[in-house]
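Down below is the structure, laid out as C-alpha cells.
The values are calculated or read from the model by the stated rules, or taken from the named source; none is laboratory data. Quick caveat: nothing in here was measured; it's all calculated off a predicted structure. Cβ placement follows ideal geometry from the backbone for every residue including glycine, while neighbour counts extend to all protein chains displayed.
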Amino acid sequence: MRLIAAMLLLVGMSGFAVPQKGKDAPAEIMAAQQALKNARNELAKAGNDWGGHRAAAIKHVDAALAEVQEAEKYAREHHEMK
C-alpha cells in the first residue's frame, strides 16, 4: 500500500498540467509516464508475490499509464496539443 501511495504521490507531484494549444505533451507528463514505466519494471523484477500486493501494484501502475495515455488522447482530440 505504501508503494502505491508513493507512486500516486510521484505522479501527482509531476503535475498533470493542461498542455497549451499546439504543444506536445508537457515534460512533466512525459517524466511521470517514464517514472510509472520504471516503477512497473522494478515491481516486475521484485520477485516473490508479497501476498498478492505486488501484482495489485502492477495493475495500479498499468491503470495509471492507461490514464496518462487517455489524457494525451483527450488533449490531442481537443486540440490542446499537437
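Taken over segment 70-82, the criterion of being surrounded by fewer than 11 Cβ atoms within 10 Å (Cβ to Cβ) and either modelled with pLDDT of 95 or more or charged (D, E, K, R) (or both) is satisfied by GLU70, LYS73, GLU77.
Listed here are the residues, each with its yes/no results for (1) surrounded by 13 or more Cβ atoms within 10 Å (Cβ to Cβ); (2) modelled with pLDDT of 95 or more; (3) within 11 Å of the chain's Cα centre (by Cα); (4) closer than 14 Å to ALA71 by Cβ.
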position	(1), (2), (3), (4)
ARG2	no, no, no, no
ALA5	no, no, no, no
MET30	yes, no, yes, yes
GLY47	no, no, no, no
ALA57	yes, yes, no, no
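Pairs meeting the criteria (first residue in segment 29-44 and more than 13 Å from LYS59 (Cα to Cα) and in contact (Cβ under 8 Å) with a residue 24 or more places away in the chain, second residue among the β-branched types (Val, Ile, Thr) and part of a helix (DSSP H, G or I), beta carbons under 8 Å, at least 6 apart or on different chains) are ILE29/VAL68; ALA32/VAL11; ALA32/VAL68; GLN33/VAL68; ALA35/VAL11.
Pairs linking a residue in segment 61-72 that is over 17 Å from LEU43 (Cα atoms) to a residue that is aromatic (Phe, Trp, Tyr) and not in a helix (DSSP H, G or I), with Cβ atoms under 9 Å and 6 or more positions apart or on different chains, are VAL68/PHE16; ALA71/PHE16.
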